[in-house]
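Novice: Let me begin by handing over the structure; questions about it come next.
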Amino acid sequence: EIERENILVQTMEGRRQKAREGKWNGGQAPFGYLLDSKNSTLIVNPEEAEIVRLIYAKYLEPDMMLNTVVGWMNENGYKRVVKGEDKVITSDFVSSVLGNPIYYGMIVYNRRTNSEEIKKNPKEIISVRGKHEAIISEEDWNLAQDKRKANAFRREKVIDPEHAHILSGILKCPCCGKSLYGNIAKAHSKDKKTRYYYYC
């Protein structure tokens, strides 16, 4: 048991050291890259990288949201290859691309770890400039993160048991393609009317 623990500690330290050096520290290469296992570095996959650039370019257009990017790419025939099979572009895939700092040249180790130890000691998260080539600019990355934060806003729902919004989640926004949900604007002092509506 002690030996296993020692091996685990050494393995994890080896991964952290690779991260500090800006190298890829194991696992499958992210979409857009191929893995040079000999040097533990990532090499740009030109075809996949073009899709990554397109996702950022479309998302940063003023009228585009995540789901409209997904819809546009599928309507225009873009695919991603998974284990030799063509797969449609999904919202989860686009979201993961938009949220991965690897694409502007960063290696971030432990960024998805939810352990209490990491939360108490954020220094365990290693963020360094990688040895790999960036696919997008840092400026586009920052713009995309700002837009994602702005779009993460959610209104608090007001529930009226006497009025059901039966089309919630079924109706789609004509601008961004997201589902519409019902809400209620309580009676205003001017006209004393309660308004029921759907919002994006």
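Novice: Within the stretch 1-31, count every residue that is of a type in the set (Lys, Arg) and farther than 29 Å from Gly105 by Cβ.
Specialist: First, pick out the residues of the stretch 1-31 that are of a type in the set (Lys, Arg): 4, 15-16, 18, 20, 23.
Okay, now just the ones that are also farther than 29 Å from Gly105 by Cβ, so 4.
Here the count works out to 1.
Novice: Kindly evaluate Leu54 against the criterion of being open to solvent by 30 Å² or more (accessible area, probe 1.4 Å) and over 20 Å from the mean Cα position of the chain (by Cα).
Specialist: no
Novice: Same structure again: If only one of Val52, Val9 is closer than 24 Å to Asp140 by Cα, assigned to a helix (DSSP H, G or I) and out of contact with any Pro (no Cβ under 8 Å at 6 or more places or on another chain), which one is it?
Specialist: Val52
Novice: Name the pairs: first residue in the stretch 11-35 and under 23 Å from Asn45 (Cα atoms) and among the β-branched types (Val, Ile, Thr), second residue open to solvent by 50 Å² or more (accessible area, probe 1.4 Å) and not in a loop (DSSP other than H, G, I, E, B), Cβ to Cβ under 6 Å, at least 6 apart or on different chains?
Specialist: From residues that are under 23 Å from Asn45 (Cα atoms) and among the β-branched types (Val, Ile, Thr), there are no pairs.
Novice: Please identify the pairs in which a residue from the stretch 64-87 that is open to solvent by less than 50 Å² (accessible area, probe 1.4 Å) has its Cβ atom under 8 Å from the Cβ atom of a residue that is polar (S, T, N, Q) and part of a helix (DSSP H, G or I), counting only partners at least 6 apart or on another chain.
Specialist: Matching pairs, first to second residue: Leu66/Ser91; Leu66/Ser95; Leu66/Asn151; Val70/Ser91.
Novice: Can you give me the number of residues within the stretch 58-108 that are part of a strand (DSSP E or B), under 30 Å from Leu180 (Cβ atoms) and β-branched (Val, Ile, Thr)? First the steps, then the outcome.
Specialist: Looking only at the stretch 58-108, we keep the residues that are part of a strand (DSSP E or B), and these are 79-82, 85-88, 106-108.
After this cut, where a residue has to be under 30 Å from Leu180 (Cβ atoms) as well, the list is 79-80, 87-88.
Remaining after also requiring β-branched (Val, Ile, Thr): 88.
Total meeting the criteria: 1.
Novice: I'd like to check something: does the stretch 52-65 contain any residue that is touching a strand residue (DSSP E or B) at 6+ places or on another chain (Cβ under 8 Å) and either within 23 Å of Ala134 (Cα to Cα) or at pLDDT 90 or above (or both)?
Specialist: Within the stretch 52-65 (the criterion being touching a strand residue (DSSP E or B) at 6+ places or on another chain (Cβ under 8 Å) and either within 23 Å of Ala134 (Cα to Cα) or at pLDDT 90 or above (or both)), the answer is no, since none of the residues qualifies.
Novice: When residues of the stretch 12-28 are filtered for being more than 24 Å from the chain's Cα centre (by Cα) and part of a loop (DSSP other than H, G, I, E, B), how many remain?
Specialist: 1
Novice: Within the stretch 130-148, can you find the residues that are free of Cβ contacts under 8 Å to residues at least 12 places away in the same chain and among the charged types (D, E, K, R)?
Specialist: Residues satisfying the conditions are Glu139, Asp146.
Novice: Could you grab me the full set of residues in the stretch 3-47 that are at pLDDT 85 or above and open to solvent by 70 Å² or more (accessible area, probe 1.4 Å)?
Specialist: Selection gives Gln28, Leu34, Leu35, Ile43, Pro46, Glu47.
Novice: Here's another thing I want to ask about it. For the stretch 109-136, what are the residues that are at pLDDT below 85, part of a loop (DSSP other than H, G, I, E, B) and among the charged types (D, E, K, R)?
Specialist: Within the stretch 109-136, Arg111, Arg112 meet the criteria.
The values are calculated or read from the model by the stated rules, or taken from the named source; none is laboratory data. Quantities reported herein were computed from a predicted structural model and do not represent experimental measurements. Counting neighbours? That spans all protein chains shown, and the Cβs are built from the backbone with ideal geometry, glycine included. The accessibility values were calculated without ligands, DNA or RNA, using every heavy atom of the protein model including side chains. Shrake-Rupley method; radii C 1.70, N 1.55, O 1.52, S 1.80 Å.
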